[in-house]
1. Kindly indicate whether any position in segment 369-380 is crowded, with 18+ Cβ neighbours inside 10 Å and under 24 Å from the mean Cα position of the chain (by Cα).
2. Which condition number does Gly14 fail, the rest of (1) surrounded by fewer than 17 Cβ atoms within 10 Å (Cβ to Cβ); (2) under 25 Å from Glu175 (Cα atoms); (3) in contact (Cβ under 8 Å) with a residue 40 or more places away in the chain being met?
3. Taking interchain pairs and intrachain pairs at least six residues apart, which have beta carbon atoms under 8 angstrom, with the first residue in segment 48-73 and over 17 Å from Ile121 (Cβ atoms) and assigned by TED's automatic domain parsing to the domain that holds Pro132 and the second of a type in the set (Asp, Glu) and in a loop (DSSP other than H, G, I, E, B)?
4. List pairs: first in segment 256-268 and within 21 Å of Asp279 (Cα to Cα), second not polar (S, T, N, Q), Cβ under 6 Å, 6+ apart or cross-chain?
5. Here is a list: Gly248, Gly259, Gly253. Which entry is modelled with pLDDT under 95, in contact with a helix residue (DSSP H, G or I) (Cβ under 7 Å, 6 or more places away or on another chain) and either part of a loop (DSSP other than H, G, I, E, B) or over 19 Å from Ile344 (Cβ atoms) (or both)?
6. Among the numbered criteria (1) within 28 Å of Tyr337 (Cα to Cα); (2) assigned to a loop (DSSP other than H, G, I, E, B); (3) in contact (Cβ under 8 Å) with a residue 12 or more places away in the chain, which one does Gln236 miss?
7. Pairs under 8 Å by beta carbon, first residue over 14 Å from Tyr395 (Cα atoms) in segment 355-375, partner in a loop (DSSP other than H, G, I, E, B) and polar (S, T, N, Q), six or more apart or different chains?
8. If we keep just the residues of segment 341-362 that are farther than 16 Å from Ser300 by Cα and not aliphatic (A, V, I, L, M), which is surrounded by the fewest Cβ atoms within 10 Å (Cβ to Cβ)?
Amino acid sequence: MPIDPNAPLPLLGGLTPADFMHRYWQRKPLLIRQAIPGLKPPVPAAALKKLAKRDDVESRLIWREEGQWQMERGPFARLPKAREPDWTLLLQSMDLHDDAVCALMQRFRFVPDARLDDVMISIATAGGGVGPHFDSYDVFLLQAAGRRRWRYGMQKDLSLKPDLPLKILSNFQPEQDVVLEPGDMLYLPPQAAHDGIAVDDDCMTISIGFRAPGLAMLARGLLEAAADQTMARLGQPAGPYGDPPLPGVRLGGLYRDPGQPASIHPAELPEALIKATLDTLDTLRFDAALAARFLGCWLSEPNTLSVFTPADDAPDLEEEWPAHGALVLDRRSRMLYRDRQIFINGETAPVAPSPALRALADERRLDCADARCRRLSADSRACLADWLSAGWLHYLPA
């Protein structure tokens, strides 16, 4: 079920999500003692080490050797011994590889899915860390095992030490110094300086990170979407943002220049051609529908490591709708919507977001007996059947 924004949330230390977003989000750090009491690691350390040996798992090993920072990217045939100090193993996008981690990430959906990025898990021996640094995105640091000492603050000097494999702050000046135990959590806004050092050999920290698109990337993406739409309206091959075409002007004409005077300087670009080119931009529609098309496709694009596996015994949703059971989004699937557009795994769905499809996106689950399912159109059922056969969606019997 969606999280009530106005109900106190133990995960946030009793704050309501609305209060947290208003007072802390993108503003200042928040230390939460026993955000998840009795928390156990969703993935054992031994299993994480095995995952680090796979080439479909993004991993990094960070350690210090003779006082110098070192980093190596996986997969790893060997890892340091469990009692060897000062090393950290980080595994990115663990929500792609484990259902329990994915379920943990869903507890943070009081922040829009468009901002939710991934879950990283780190294990470290005593003294292990990645050095004092800052991130350009919001992050919740949840202690899962052992203890980790965090020093952090909102310093303005974010200059980095040169010629290092890691982004290490050159002048770290922490304002707070705390030790997190299992179940404790620390929220840090973007550019908060922080340094976490493992106190114990069995230290495990779970980082729930949020994406922060650059403004230049947003502008470029909107222009790409406009270009794709321009070609799609002409029936020409277009990029990922063109299908289906949105309402807009069809630029099917040709440039004309009757009255062009004889050229004295033939190599000079004609002013009329420059003006005509600029005038085409006035005909393009840079509106909310176009922005949603770009953002919906881009932000729902699955991780490059995602592999979808369809079930062999999935029901035929077009032939007969199941009376019981549920449709559940694969943990790797990303689904977003806005107004009359719905997006899944980088594509625009060929149907509008009905109440049932909106419920599937919001709750990541749709009970087949839900009354909203009876109002699904034949096209919507066909769409769900396609997602089921692609492995984007799964059927769970009652």
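The values are calculated or read from the model by the stated rules, or taken from the named source; none is laboratory data. Quick caveat, the model's predicted, so the values are computed rather than measured. Methodologically, a virtual Cβ is constructed for each residue, glycine included, from the backbone with ideal geometry; neighbour enumeration extends over all protein chains shown.
1. no
2. Every listed condition holds for Gly14 apart from (3).
3. Going by the 8 Å Cβ cut-off, the qualifying pairs are Trp63/Asp86; Arg64/Asp86.
4. Final answer for the pair search is Asp257/Ala272.
5. On the way: Gly259 fails: in contact with a helix residue (DSSP H, G or I) (Cβ under 7 Å, 6 or more places away or on another chain); Gly253 fails: in contact with a helix residue (DSSP H, G or I) (Cβ under 7 Å, 6 or more places away or on another chain).
Within the list Gly248, Gly259, Gly253, the selection yields Gly248.
6. With respect to (1) within 28 Å of Tyr337 (Cα to Cα); (2) assigned to a loop (DSSP other than H, G, I, E, B); (3) in contact (Cβ under 8 Å) with a residue 12 or more places away in the chain, Gln236 is out only on (3).
7. Once the first residue is over 14 Å from Tyr395 (Cα atoms) and sits in segment 355-375, its partners that are in a loop (DSSP other than H, G, I, E, B) and polar (S, T, N, Q) give Arg372/Ser354; Arg375/Ser354.
8. Restricting attention to segment 341-362, the residues satisfying the condition of being farther than 16 Å from Ser300 by Cα are 351-352, 354-356, 359.
From what is left, the residues that are not aliphatic (A, V, I, L, M) are 354-355.
On the way: Ser354: 17, Pro355: 13.
Result: Pro355.
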